[in-house]
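Working notes, structure below.
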Amino acid sequence: MPNFRAAAAISLAITLVLPGCKIIKTPTAEEAAAEASGGFAPDKQVADLWDSKVIPFLQQRAGIFQEVFALSKSDLDAAAARYGHKEKDGTAPWTFAAKVSGTIVKAETKSRAAYLEADVDGDGKGDVRIQIGPVIKGTAIRDSLDFVNFNEFKNQIQWAEFGKAFNTHVYGLTLEKLSREGLEGKKVEALGAYPLPPTGQPALLTPATLTIGG
């Protein structure tokens, strides 16, 4: 009888505890990383914005590269108002949204900071460089967008990581799959952004979309 009473007591205790139990979901690697960083997940932020806001914005904002580049040289204020963006604070250069359509005259693929040089005016000379990575310099895509700003982030480190996340995203989405052979002489179409280059230097465009073919 004592054993029966003890078993009954234990059973009752379990019954009383069970309704208050919770099943805790094991977090994914991304969720764990976001939790560890206080909820900051730049790769996810960029992925969420890419199709819904980034690509539509660039498509609407971008001008033909030759026109954007020429206007920036003759009337920077007009070019900035029409195609450019930069943070109100700080000394960053203007960043311009542009569409490139031309022929690849040079393909530098041995460097990790690989790029294509495109002739857009038919003279056989390179007019703009298009980054293809895996190392992508700068944060041109982030800097061309008028719907994100530094004040939305905790500090400069988060702002920088957010900028790099755009490069990581486009590399994984498009550039990583790009063949590195036989590129010279092929047609290239790109939509992206570039910072105003120093005088005498070619524009370095970071593509958001890139198509190569006959």
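Any read-out appearing in this document is the output of simple, stated calculations on the displayed coordinates, not a laboratory observation. Since the structure is predicted, the reported quantities are computational estimates derived from the model, not experimental observations. All Cβ positions, even for glycine, are placed from backbone atoms using ideal geometry, and neighbour counts span all protein chains on display.
For the residue pairs LYS73/LYS177; LYS73/LYS186; LYS106/LYS177, the alpha carbons lie more than 26 Å apart in LYS73/LYS177; LYS73/LYS186.
Straight-line cross-link partners of LYS44 among the aspartates and glutamates, defined as a Cα under 15 Å from its Cα and at least 8 positions apart when in the same chain: GLU30, GLU31, GLU35, GLU161.
Between LYS110 and GLU181, what length in nm is gained on full extension when 0.36 nm per residue of separation is reduced by their alpha carbon distance? Can you show the working numbers first?
Values: separation 71, 0.36 × 71 = 25.56 nm, distance 1.09 nm.
Difference between extended and current length: 24.5 nm.
Packing-based ranking of 135-141, 76-82, 170-176 yields 135-141, 170-176, 76-82, ordered from highest to lowest mean Cβ neighbour count within 10 Å. With Cα atoms defining each centre, region 150-179 and region 89-123 are spaced 18 Å apart in the structure.
Dividing the radius of gyration of the alpha carbons in region 38-212 by their Kirkwood radius gives 0.96 for Rg/Rh.
Computing FRET efficiency as 1/(1 + (r/R0)^6) for VAL135 and ARG82, where r is the C-beta to C-beta distance and R0 is 45 Å, gives about 0.90.
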